[in-house]
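Visitor: Before I ask anything, let me first share the structure, which is written out below as structure tokens.
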Amino acid sequence: MKGLFLDAVDDLADIFQRVIRPDDPPIDVRKQEEVPLDELPAQCAGYDFLFDDHTKMPTETMRRCTGLKHIIFLGTGARSYMHPEELAAIGITVHIIKGYGDTAVAEHTIAMMWAAARELAQMDRDIRAGGWPRTEGRQLTGRTIGLVGFGGIAAEVARIAGGGGMRVLAWNRTPKTVPGVEFVDLDTLLAESHVVSMHLLLTDETRGFLGAERLAKLRPGAILVNTARGALIDEVAMVEALRSGRMAHAALDVFEHEPLPAGHELSRLPNVTLSAHSAFRTPEASEALIRRALDIAKGLAAA
């Protein structure tokens, strides 16, 4: 069984070389930022599986990738790039990787929450422009953070936020019991949380999960943090909530369209803090990600 790492950019090729072992299956590595759709079938020819970091794989294009049996997506958000059920129907199984960066994403979530509460990005911009703004930020000790979805990342956020003196609420689609976390219905979470943090997988059911109706239920002046997937939130409704002041601030690592288009409304609003889909990017998380992808490939080769 032979594999191809299709798009090993952002140091991933170097990380791959650090963690690969002699008993791993053979994998060719290509450093390409963008793979044109019309070239995908030719590039996939002769390979049994792919590692995919960020390449979109529409079903109709992948139908022409005869011989390909597996896509190992480097992360959990495969649905942003492909339709796993449709691919399964044409004989291509999609594998995702969970848990590799829970701590990294949680720490980034907390960092963005504090940056929003203290308006650090705005102060930084103004000082670089020659100003000297001394804004009055918000203390979050004793305030409430609400976690929408509760998997490994949210559990880490709960641990850090709880250790920082915050009350932690959570809503999850399946019931859970976790010390230090109060599980409530979604309306209660939205109404009582000073900070709302998104931690859902993107599926057909969760796309647009926070639409205008739910955003209107946010506690006035709330901070919204999203390090999960951009499409979980209706961006048009979010922009309106930010403009109106109903939402005090949005701290966003993910967007419906990435990279964020130049001049996008979110980049022009003062009460928005942005990062470039980088919450998971630490050496520890990246090495764990590639090693787990290799372990999946090794398992496929041994089957």
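Read the figures in this text as sums done on the coordinates, not as results from a lab. From a predicted model like this one, the values you see are computed outputs, not experimental measurements. Here the Cβ positions follow ideal geometry from the backbone for every residue, glycine too, while neighbour counts run over all protein chains shown.
Visitor: Go through (1) of a type in the set (Gly, Ala, Ser); (2) assigned to a helix (DSSP H, G or I); (3) within 24 Å of residue 33 (Cβ to Cβ); (4) out of contact with any Asp or Glu (no Cβ under 8 Å at 6 or more places or on another chain) for residue 241 and report which single condition fails.
Guide: For residue 241, the failing item is (3).
Visitor: Would you point out which residue out of 154, 121, 129 is touching a strand residue (DSSP E or B) at 6+ places or on another chain (Cβ under 6 Å) and more than 13 Å from residue 197 (Cβ to Cβ)?
Guide: When all the criteria are applied, what remains is 121.
Visitor: I would also like to ask the following. Quick check on the range 150-158. Is at least one of its residues free of Cβ contacts under 8 Å to residues at least 40 places away in the same chain, of a type in the set (D, E, K, R) and surrounded by 13 or more Cβ atoms within 10 Å (Cβ to Cβ)?
Guide: No: the range 150-158 contains no residue that is free of Cβ contacts under 8 Å to residues at least 40 places away in the same chain, of a type in the set (D, E, K, R) and surrounded by 13 or more Cβ atoms within 10 Å (Cβ to Cβ).
Visitor: Please state which one of 257, 249 is closer than 18 Å to residue 119 by Cα and either assigned to a helix (DSSP H, G or I) or not basic (Lys, Arg) (or both).
Guide: When all the criteria are applied, what remains is 249.
Visitor: Then there's this: Any residue at all in the range 189-210 that's under 30 Å from residue 10 (Cβ atoms), of a type in the set (D, E, K, R), part of a helix (DSSP H, G or I) and free of Cβ contacts under 8 Å to residues at least 60 places away in the same chain?
Guide: no
Visitor: Also, quick follow-up: Quick check on the range 255-300: of everything there that is free of Cβ contacts under 8 Å to residues at least 12 places away in the same chain and under 16 Å from residue 230 (Cβ atoms), which residue is surrounded by the most Cβ atoms within 10 Å (Cβ to Cβ)?
Guide: Checked the range 255-300; the qualifying residue surrounded by the most Cβ atoms within 10 Å (Cβ to Cβ) is 264.
Visitor: Another question, if that's okay. Restricted to the range 17-56, and to residues that are out of contact with any Leu (no Cβ under 7 Å at 6 or more places or on another chain) and of a type in the set (Lys, Arg), which residue is nearest to residue 75 (Cα to Cα)?
Guide: Here the residue is 56.
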